[in-house]
Amino acid sequence: MTTRVFQPLGMSRTFTSRKLLAQTQNVAVPHVRVNDETFATEFADQDNIGPAAAICSSVGDLSQWLLTMVNEGRLHDNQILKSGARARDAQAPYPDAIRRPEHERRT
């Protein structure tokens, strides 16, 4: 992910593991509420559940992703994703993306 997506998009504050995030300065941390008081807490170790929760990013980096998605895989005149169809597939609901052949998907 880092080499193929994050770096080409200039997403320098996006990480795929809690260990990498822990080495980063100036990040928001989770909080818990106990007896009407709020406390900062450690990040849960979600590295083993991979795609479901393992990407942590910044608003600036997410804007690069969003611009790429709305421009069918292009960012600043560079084709980052291989085709506009693949960019649309990334936005499709999961069941739709795996059940339908590409020629039947939404355009």
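The values are calculated or read from the model by the stated rules, or taken from the named source; none is laboratory data. These numbers come from a predicted model, not from an experiment. We place every Cβ from the backbone using ideal geometry, glycine too, and count neighbours over all the protein chains shown.
Structure values in brief
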| quantity | calculated |
| --- | --- |
| Selected residue (criterion: modelled with the lowest pLDDT) from residues of segment 24-65 that are among the β-branched types (Val, Ile, Thr) and part of a helix (DSSP H, G or I) | ILE49 |
| For ARG99: the one exception among (1) more than 17 Å from the chain's Cα centre (by Cα); (2) modelled with pLDDT of 70 or more; (3) of a type in the set (Lys, Arg) | (2) |
| Which listed residue is touching a strand residue (DSSP E or B) at 6+ places or on another chain (Cβ under 7 Å) and within 28 Å of ILE80 (Cα to Cα), from LEU20, LEU9 | LEU9 |
